Amino acid sequence: MNAILYGVGVGPGDPELMTLKACRMIRENDVIAVPGRDPRESTAYQIAVQAVPALADKTLVAVDMPMVRDREELRRYHQAGARQLEKWLDQDKNVVFLTLGDPSIYSTFSYLCEIVASDGYQTELVSGIPSFCAAAARLNIPLTEGSESLHIIPVSRKMTGKAGKPGKSEKPEKLENAAALTFDLPGNYVLMKSGSRMAEMKQAIRQSGRTAAAVENCGMPDEKIYRSVDELPDESGYFSLIIVK
């Protein structure tokens, strides 16, 4: 089989931040897979169609990827989604799967890609601009300077130890001991998926003595920018990202 499944990053939200390659992949392929039950309601689709209007006339494949907590249920959704994609590959048709940001960073596509590749199909990733790079640009600040390290942490996971060391449980609904996130590793931090944990993060950042800034819905029409810990709201949307320095 010569057909390929492509995971294509569409960037964080601004259609002008889509890469030339991402746009070309959409134009040159007829089958476009999008996460969600209704492709046209997907954030990834709504970003991409602004950059490539021809996307609206493509064959759209809805791949349901709900945010559920049960691992076994998630596995069933991933298996079902992979089977959907493989049906098109079996017809010798390339499939372009649109994903927010970059497909290698906390992307649900990675689970589908692993299954499809293990079944013997060809897969490729097309990089997109990651949300934390776009957020740093919107804030007009560097993520790192000199030899500084950068730690990227998804704060929706349960943490019981120091920064960057998740606890044994990975239930996304519970973040324990946020004050233990002491930022004692050298360098700067990116706190992703932090919207529902803003109050806890604000407390931890204040205790650390560090500075912070954040962007909510980076590059989207309802984008919001917070330039200090004091400006951070106690609650924010899912697409919220904090940079701690």
Using a basic spin-label model with each label point 7 Å from the Cα along Cα→Cβ, how many nm lie between Ser110 and Arg27? 3.1
Simple SL model, points at 7 angstrom along Cα→Cβ for Leu20 and Arg37; separation in nm is 4.1
Restricting to Cα pairs below 8 Å that are 6+ residues apart, what does the relative contact order work out to for segment 9-72? Please round to a whole percent. 36
Please give the calculated 222 nm ellipticity per residue for the chain, where each DSSP H segment of at least 4 residues contributes -39500 (n - 2.57) and the sum is spread over every residue; nearest 500 deg cm²/dmol? -8500 deg cm²/dmol
In units of 2.2 N^0.38 Å, what is the alpha-carbon radius of gyration of segment 79-118? 1.16
Within the chain, percent of DSSP bridges classed antiparallel, to nearest 5: 35
Over 26 Å (Cα to Cα) among Lys21/Lys245; Lys58/Lys224; Lys21/Lys224; Lys224/Lys245; Lys87/Lys193; Lys58/Lys193 -> Lys21/Lys245; Lys58/Lys224; Lys21/Lys224; Lys87/Lys193; Lys58/Lys193
What is the P(r) of the chain, as percent of Cα-Cα pairs per 10 Å bin from 0? 7, 30, 32, 22, 8, 1
Using a 7 Å offset from the Cα along the Cα-to-Cβ direction at both Glu124 and Met67, what is the distance between the two label points in nm, to one decimal? 3.2
Excluding Ile225 itself, calculate the net charge of residues whose Cβ lies under 12 Å from the Cβ of Ile225, where each Lys or Arg counts +1 and each Asp or Glu counts -1. -1
What per residue convex hull volume, in Å³, do the alpha-carbon atoms of segment 1-105 yield? 102
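Every number in this text was worked out from the coordinates using simple rules, so none of it is lab data. Because the structure is a prediction, the values reported are computed rather than measured. FYI the Cβ positions are ideal-geometry reconstructions off the backbone, even for glycines, and counts take in every protein chain you see.
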